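Have a look at the structure below, then the notes.
Please treat every number below as a calculation from the coordinates, not as lab data. Treat the numbers as computed from the prediction; the structure is a model and nothing was measured. All Cβ positions, glycine included, derive from the backbone under ideal geometry; neighbour counts span all protein chains shown.
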């Protein structure tokens with residue numbers, strides 16, 4: 001009986017240790033591609049396994065508020081992580097890991113030399129953007145249209161994706177003629193030679209400060225590995241990956 005009890009304790013301990021070395025990360029859709037690069041290096045360095053759940057920042061935030069078992073939240077903005085922090089649902093204060101950049105992307109034979117004004121072309125029937133209510137990149141896409149006084153002129157052409165990921169599907173499948181997406185998408189392997197894209201001028205929208213935070217779900221033995229991944233996002237290897245995907249690092253964001 002004593003031996004059986006000891007074996008049960010040992011199994012419980014080992015299973016708990018294994019569980020503690022696996023983290024579930026909620027990842028904003030714009031960061032889905034680069035997360036795979038981050039994951040590969042981090043897992044090789046630490047042996048800690050990362051599992052991702054990808055979606056719009058708004059929807060992920062709602063899921064977290066309703067008890068979704070995520071350990072870390074990589075958001076497309078700072079607003080959602082800060083809201084969770086104020087509600088006492090995080091272990092630490094959110095921190096900006098990078099600034100995202102908007103691009104206009106098409107798979108069709110559309111001349112982008114006119115830049116943003118091309119959206120008024122009658123040949124363009126559908127313009128894809130992420131939902132402004134749940135996706136920061138969608139919100140800033142609307143700001144771009146308003147900045148150039150185009151929103152009222154192209155409003156009827158807009159088709160909304162739940163997240164950047166769905167916007168990308170609209171663009172790649174050519175269900176939309178053109179769309180606003182993250183530069184990280186068009187810089188991703190397998191995407192960087194597809195279609196045509198132009199970067200949106202920075203003065204047309206607010207800098208997309210993207211934040212990360214450790215969630216209260218990462219408790220007990222999971223807190224230490226969660227902190228390791230959080231710290232890794234601000235390391236030199238991670239910085240190189242962010243730059244590879246077209247992100248601007250916090251220390252470089254306001255240099256020009």
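Before moving on, here are some points about what is shown:
- The chain, relative contact order in percent, only Cα pairs under 8 angstrom and at least six apart counted: 29 percent
- Given in Å, the Rg to one decimal and the Dmax to the nearest whole number for the Cα atoms of the range 60-145 are 17.3, 51.
- Per the Debye formula on identical point scatterers at the alpha carbon atoms of the chain, with no solvent, log10 I(q)/I(0) at q = 0.11, 0.14 Å⁻¹ is -0.61, -0.92.
- Per-pair calculated FRET efficiency, R0 = 41 Å: residue 112 and residue 21 via Cβ, rounded to 0.05: 0.30
- Its Cα gyration tensor gives the range 187-256 an equivalent ellipsoid, and the semi-axes of that ellipsoid, as √(5λ) in whole Å with the largest first, are 30, 16, 12.
- Geometric descriptor of the range 101-204, per residue, is 89 Å³ (volume of the convex hull of the Cα atoms).
- Whole-Å distance, taken between Cα centres, linking the range 31-58 and the range 68-117: 15 Å
- Looking at the chain, the DSSP beta bridges with both ends there are about 55 percent antiparallel.
- Cα gyration tensor shape for the range 132-256, rounded if a/c is under 1.5, else prolate or oblate: prolate
- Burial ranking of peptide ranges 106-118, 79-91 (average Cβ count within 10 Å, highest at the top): 79-91, 106-118
- Counting every other Cβ atom within 10 Å of each residue's Cβ, 127, 171 order from fewest to most as 127, 171.
- At R0 = 25 Å, FRET efficiency that the Cβ-Cβ distance of residue 216 and residue 251 yields, to 0.05: 0.30
- Ranked for footprinting exposure by Cβ neighbours inside 10 Å, fewest first, 59, 123, 146 give 123, 146, 59.
- Nearest-0.05 FRET efficiency for residue 153 and residue 68, computed from C-beta distance (R0 41 Å): 0.55
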